[in-house]
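Q: The structure under discussion is supplied below as structure tokens; questions concerning it will follow.
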Amino acid sequence: MDTKKTDRRDFFRRAAQLTFLSTMVGGSVWLMTENRIQFDGCNDNQFCKKCQKLSTCSLDKAQTYRKNER
């Protein structure tokens, strides 16, 4: 008989993988629904301070930050 038996190690490894995947997907969905992720760029002006693209960035937040820093 060539039936594949799932031993405990494979079961727990697969369960851990699915738990990790579910956590990643669930966390991403939660962040998107809470508007904590913005797809158009930076989320807060605190990051502009260390940004290497600050001088050429066209986002409104970066332009506002440049005006306030002068």
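The values are calculated or read from the model by the stated rules, or taken from the named source; none is laboratory data. All figures in this text were calculated on a predicted structure; none of them were measured in a lab. Ligands, DNA and RNA are excluded from the accessible area calculation, which covers all protein heavy atoms including side chains. Shrake-Rupley method; radii C 1.70, N 1.55, O 1.52, S 1.80 Å.
Q: For Arg9, Arg66, Arg14, give me the order by solvent-accessible area with a 1.4 Å probe, most accessible first, ignoring ligands, DNA and RNA.
A: The residues order as Arg9, Arg14, Arg66, largest area first.
Q: Non-local amide H neighbours of Cys51 (under 5 Å, H modeled in plane, Pro and chain starts lacking H): which ones?
A: none
Q: Probe 1.4 Å, all protein chains in place: accessible area of Leu18 in Å², nearest 10?
A: For Leu18, the solvent-accessible surface is approximately 80 Å².
Q: Here is a follow-up. Taking the full set of protein chains and a 1.4 angstrom probe, give the accessible area of Asp7 in square angstrom, rounded to the nearest 10.
A: 80
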